[in-house]
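Data first, discussion second: the structure below is written as structure tokens.
Just so you know, all these numbers are worked out from the coordinates, no wet-lab data involved. On a predicted model such as this, the values are computed, not experimentally measured, just so you know. Ideal geometry is used to build each Cβ from the backbone, glycine not excepted, and the neighbour counts take in all protein chains shown.
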Amino acid sequence: MKKPILCFLGILLLMIAFSLLIYPTPYKYLQYMNGGSITPLKVNMITGHTQRYVQGFGWVDDTNSQ
């Protein structure tokens, strides 16, 4: 009787951990052409804040974001 309950709780715990830590992300990743090169963009889907990736600096705020 205890073993099926523990198995169920273990699976439930793994599902909750996956749904909280791995699956959801507030960011949508896009790319655009910038002078012949592709530049990655990171858009926060909740706030609309946009960042672009600059090699050597990392993610920097886009001056045109809201």
Taking the Cα atoms only, what angle lies between the long axis of helix 2-21 and the longest principal axis of the chain, rounded to 10 degrees? 10
By a straight-distance test (C-alpha under 21 Å), which lysines pair with residue 28 as possible cross-link partners, with residues fewer than eight away in the same chain excluded? 42
What does the helix-only formula give at 222 nm for the chain: each DSSP H stretch with n ≥ 4 adding -39500 (n - 2.57), the total divided by the residues, and the result rounded to the nearest 500 deg cm²/dmol? -10500 deg cm²/dmol
If Rh is defined by the Kirkwood formula over all Cα pairs and Rg also comes from Cα, what ratio Rg/Rh do you get for the chain? 1.32
So, by mean Cβ neighbours within 10 angstrom, what's the order for 43-50, 14-21 with the highest one leading? 43-50, 14-21
Put in order of increasing Cβ neighbours within 10 Å, starting from the fewest, 28, 2, 42 give 2, 28, 42
